[in-house]
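Everything below concerns the one structure shown next.
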Amino acid sequence: MSKFSVALMRMLILGALLGIADPAAAQKDYPNKPIRLIVPYATGGSTDPLARLLGQKLSESWGQQVAVDNRPGGNTIIGTEALAKSPADGYTLIMVLATHVILPYLYNSLPYDAIKDFAPVATFAMNEQVMVLHPSVPANNLREFIALAKAKPGQLNYSSSGSGGVNHLAEELFCILAGIKVQHVPYKGGGPALADLVAGQVQMYFGPPIIVIPFIKSGRIKAIAVSGEHRLSALPQVPTFTEAGLPGLDAKVWYGILAPAGTPKDIIDKLSVAIAKILATTDVKEKLVLQGMEPFSAGPGEFAALLKADMAKFGTVIKTANIKIE
């Protein structure tokens, strides 16, 4: 072998070694540039302010901007596909709800695999849902609304953040338990769904406390009942569904962060630890509670198990209720 060949081979080996070392160095320095946090809903819903709160706290902690990128449309598919096609380097993330594992039951095909194409990072918060009505609806409690809906089958309607979303399933479950028929009107997020309720275009909506409380307090909508075992401290006057005479309505919503599959474990762990530390601060706890939410801290392994469990649970609900994309 000539001296030139030996030198070339050494250069190639050195280059390969440097190529291996570079990703490790990048992981150690993470984050060293801005991070994009995708929200697959329009602004004005519950996910947007949560993502902005988390982004702000991560930015303060790391000294790198975490920019929220609203990518609504396609029932969250547009934003989620954008993440699936992003580099697995920790600089593009997404905040999702259980809708992420519901959609595989509603579409014959998706441009990604809801489990295999993503790496669970951590959960951030959870909340119950509040049933709210437009003030023009002649019902001031749950029994009166059920009686009204039975007297006018199919004539009332409700909005949702999208077909197959967690509030859509909760609303359908409510109709099944109450024995009523109410028409579904899907939107591209909780913000538009709530806006049309406030405008009187729809009569009913199941919404997270974070976005409905201001409108309840201003009298622009009225609260009828809240899911869960206990009343919300932010809405102490609103009874639970069980107190109002309709037990069995499970409508809890969680919010979590995903990264593209293949994101290095060191980066996933660093993100997870940072989110857990943020949730442990008094400031964030108080902000979540004031918005009718609870801190919900689960790491990568626990979040992965939650995704699979909810996928099975909601699949059963969808089949039982025969829910289809409209």
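Values quoted throughout were computed directly from the atomic coordinates according to the rules given, and no laboratory measurement underlies them. None of these values were measured; they are calculated from a predicted model. Cβ sites come from the backbone with ideal geometry, for glycine too, and all protein chains shown count toward neighbours.
Mean separation of Cα pairs under 8 Å and 6 or more residues apart, divided by the residue count, gives segment 41-124 a relative contact order of 22 percent. Reducing segment 33-95 and segment 205-256 to their Cα centroids gives an inter-centroid distance of 27 Å. Please compute the net charge surrounding Ile176, taking Lys and Arg as +1 and Asp and Glu as -1 over other residues with Cβ under 13 Å from its Cβ. The answer is -1. Taken about its Cα centre, segment 130-226 carries a charge dipole of roughly 180 debye when the Cβ of each Lys and Arg holds +1 and the Cβ of each Asp and Glu holds -1. Considering only alpha-carbon pairs that sit under 8 angstrom and 6 or more positions apart, the relative contact order computed for segment 130-226 is 46 percent. For the options Lys181, Lys116, Lys270, a Gaussian network treatment of the chain with springs between C-alpha atoms closer than 10 Å singles out Lys116 as fluctuating the most.
Placing +1 on the Cβ of every Lys and Arg and -1 on the Cβ of every Asp and Glu, with no other charges, gives segment 81-149 a dipole of roughly 120 debye about its Cα centre. Along its three principal directions, the equivalent ellipsoid of the chain from the Cα gyration tensor extends over semi-axes of 44, 21, 16 Å, largest first. Pairs with C-alpha atoms separated by more than 28 Å, drawn from the list Lys57/Lys222; Lys85/Lys285; Lys217/Lys285, are Lys57/Lys222; Lys85/Lys285. Along its first, second and third principal axes, ordered by size, segment 50-135 spans 40, 39, 20 Å in Cα coordinates.
Here Ser233 and Ile78 are evaluated by their C-beta separation; at R0 = 35 Å the FRET efficiency comes out at 0.45. Using R0 = 30 Å, the C-beta based FRET efficiency linking Thr282 and Ala261 works out to 0.30. If the viscosity is 1.002 mPa s and the temperature 20 °C, what translational diffusion coefficient in µm²/s does Stokes-Einstein give for segment 178-326 when Rh comes from Kirkwood over Cα pairs? For these conditions, the coefficient is 118 µm²/s.
Is segment 130-226 rounded, prolate or oblate when judged by the Cα gyration tensor, a ≥ b ≥ c being the square roots of its eigenvalues, rounded requiring a/c under 1.5 and prolate requiring a/b larger than b/c? Since a/c reaches 1.5 but b/c is at least a/b, the shape of segment 130-226 is classed as oblate.
Of the residues Tyr41, Leu58, Ser136, the one whose Cα sits farthest towards the positive end of the charge dipole of the chain is Tyr41 (charges of +1 on Lys and Arg Cβ, -1 on Asp and Glu Cβ, taken about the Cα centre).
When only Cα pairs below 8 angstrom with a gap of at least 6 residues are kept, the chain shows a relative contact order of 25 percent. Dipole size of the chain about its Cα centre, with +1 on Lys/Arg Cβ and -1 on Asp/Glu Cβ: approximately 240 debye, rounded to the nearest 20. The slack in the chain from Asp250 to Ser136, taken as 0.36 nm per residue of separation less the alpha-carbon distance, amounts to 38.3 nm. Counted by Cβ distance under 11 Å from Leu37, the other residues give a net charge of +1, where Lys and Arg count +1 and Asp and Glu count -1.
Near the amide H of Leu156, within less than 5 Å, lie the amide hydrogens of Gln183, all on another chain or at least 5 residues away, with H placed in the peptide plane.
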